[in-house]
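Undergrad: Please see the structure below; I have some questions.
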Amino acid sequence: MSYELEAAVSAARAAGRLLHERLGATLQVRHKGPADLVTEVDRQVEDLIASTLREACPTYGLLGEERGEQFVSDNPRWLVDPLDGTTNYIRGYPFFAVSIALERDAEIVVGVVYNPILDELYEAEKGKGATLNGRPIHVSTATSLGDSLLASGFPFDAWTNEIDNGQQWRRFLKLSLSLRSDGSAALDLCHVAAGRIDGYWELRLGPWDMAAGGLIVQEAGGAVSLVNGEPFSPYGGDVLASNGHLHAEMLAVLNNAP
Ligand code: 2AM
Ligand code: CA
């Protein structure tokens with residue numbers, strides 16, 4: 001295991017412990033937008049992760065969801081979501097995670113996602129495969145949409161933005177086994193990687209939401225792209241992840257091909 005992966009794992013576990021401890025406590029909730037929430041726990045956990053990573057890798061930069069750019073260097077730099085699934089966390093809906101990725105030379109080389117409720121730790125290093133609690137994971141083998149369990153997330157600005165996943169959701173509803181929407185992009189990506197679901201797409205995500213999970217899907221043998229089919233980038237603003245077999249068919253449905 002690389003030094004950086006070790007640092008990311010220890011930061012994610014410490015963050016997960018703090019999230020678990022504070023779960024159910026009375027939280028101050030602030031609105032970043034009408035359906036975009038943040039609590040003081042998000043910031044506390046980001047600070048804990050930042051100090052852990054800073055100690056391990058003092059020269060690396062860090063971009064976190066809550067505090068933006070920290071530290072000097074932009075290469076390499078950490079991409080951190082201290083709490084992916086804040087709305088769930090506030091309501092005690094047990095589906096949220098810590099997400100930490102390392103970007104080097106414009107490539108994501110380390111990804112760690114930790115679900116503290118199930119004590120599930122997903123790890124990947126570029127070219128070295130992906131694991132769940134130390135065991136290798138692989139995407140599913142489903143080859144037809146009709147046998148597929150899919151997931152998506154509803155965008156935070158759905159009240160005001162005409163472009164949402166409503167029509168796409170409806171099309172997949174008629175074509176797939178079923179659909180889920182659980183509110184954590186990082187965990188949805190890991191569930192594609194682990195073969196628990198067969199495909200997942202979401203619009204308007206930040207780099208901290210999908211950098212780690214995107215690498216974990218790729219390293220588990222899956223495919224990731226933007227929703228329009230262009231190559232995946234954590235800065236691309238949206239994502240389609242699948243087991244690979246379903247990718248072309250899902251792209252066609254998403255882009256409403258005849
Ligand atoms: P969050 O809980 O860290 O905010 C839910 O559909 C997914 O969208 C979650 O991964 C959630 O992450 C993410 N999300 C919610 N608001 C967002 C925003 N303003 N920018 C980017 N991602 C967001
Ligand atoms: Ca977050």
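Undergrad: If you check ASP47 against the conditions, is it crowded, with 23+ Cβ neighbours inside 10 Å, within 15 Å of ligand 2 (Cβ to nearest atom) and of a type outside the set (Ser, Thr, Tyr)?
TA: no
Undergrad: Residues that are under 19 Å from LEU205 (Cα atoms): find the strands (runs of 3 or more DSSP E) completely inside region 15-98 holding 3 or more of those.
TA: Here the list reads 29-33, 36-39, 61-64, 77-84.
Undergrad: Still on this structure: If LEU189 satisfies all but one of (1) within 22 Å of PRO234 (Cα to Cα); (2) in the same structural domain as GLU65 (by TED's automatic domain parsing); (3) of a type in the set (A, V, I, L, M, F, W, C), what's the number of the condition it fails?
TA: Among (1) within 22 Å of PRO234 (Cα to Cα); (2) in the same structural domain as GLU65 (by TED's automatic domain parsing); (3) of a type in the set (A, V, I, L, M, F, W, C), the lone unmet condition for LEU189 is (2).
Undergrad: Answer yes or no as to whether LEU118 is under 18 Å from the mean Cα position of the chain (by Cα) and more than 19 Å from LEU240 (Cα to Cα).
TA: Answer is yes for this residue.
Undergrad: Another question, then. Within region 28-73, which residues are away from ligand 1 (no atom under 16 Å from the Cβ) and on the phi > 0 side of the Ramachandran plot?
TA: Of everything in region 28-73, just one residue is away from ligand 1 (no atom under 16 Å from the Cβ) and on the phi > 0 side of the Ramachandran plot, namely PHE71.
Undergrad: Mind checking which residues of region 30-57 are in contact (Cβ under 8 Å) with a residue 60 or more places away in the chain and of a type in the set (Gly, Ala, Ser)?
TA: Those that are in contact (Cβ under 8 Å) with a residue 60 or more places away in the chain and of a type in the set (Gly, Ala, Ser): GLY33, ALA35.
Undergrad: Now a separate question. Go through GLY221, GLY199 for me and flag whichever is more than 16 Å from ligand 2 (Cβ to nearest atom), in contact with a strand residue (DSSP E or B) (Cβ under 7 Å, 6 or more places away or on another chain) and modelled with pLDDT of 95 or more. Working first, answer last.
TA: Values: GLY221 fails: in contact with a strand residue (DSSP E or B) (Cβ under 7 Å, 6 or more places away or on another chain).
When all the criteria are applied, what remains is GLY199.
Undergrad: From the list GLY64, GLY33, which one is within 16 Å of ligand 2 (Cβ to nearest atom), small (Gly, Ala, Ser) and surrounded by 14 or more Cβ atoms within 10 Å (Cβ to Cβ)? Walk me through it before giving the result.
TA: Values: GLY33 fails: surrounded by 14 or more Cβ atoms within 10 Å (Cβ to Cβ).
None of the other options fit; the residue is GLY64.
Undergrad: Does ALA56 qualify as being of a type in the set (A, V, I, L, M), in contact with a strand residue (DSSP E or B) (Cβ under 6 Å, 6 or more places away or on another chain) and modelled with pLDDT of 95 or more?
TA: Criteria not met by ALA56.
Undergrad: In the set LEU27, LEU62, which member is in contact with a Lys or Arg (Cβ under 8 Å, 6 or more places away or on another chain) and among the hydrophobic types (A, V, I, L, M, F, W, C)?
TA: On the way: LEU27 fails: in contact with a Lys or Arg (Cβ under 8 Å, 6 or more places away or on another chain).
Criteria check complete, one pass: LEU62.
The values are calculated or read from the model by the stated rules, or taken from the named source; none is laboratory data. Remember, it's a predicted structure, so these values are computed and weren't measured experimentally. Cβ coordinates were reconstructed from backbone atoms using ideal geometry, including for glycine residues, and neighbour counts include every protein chain displayed.
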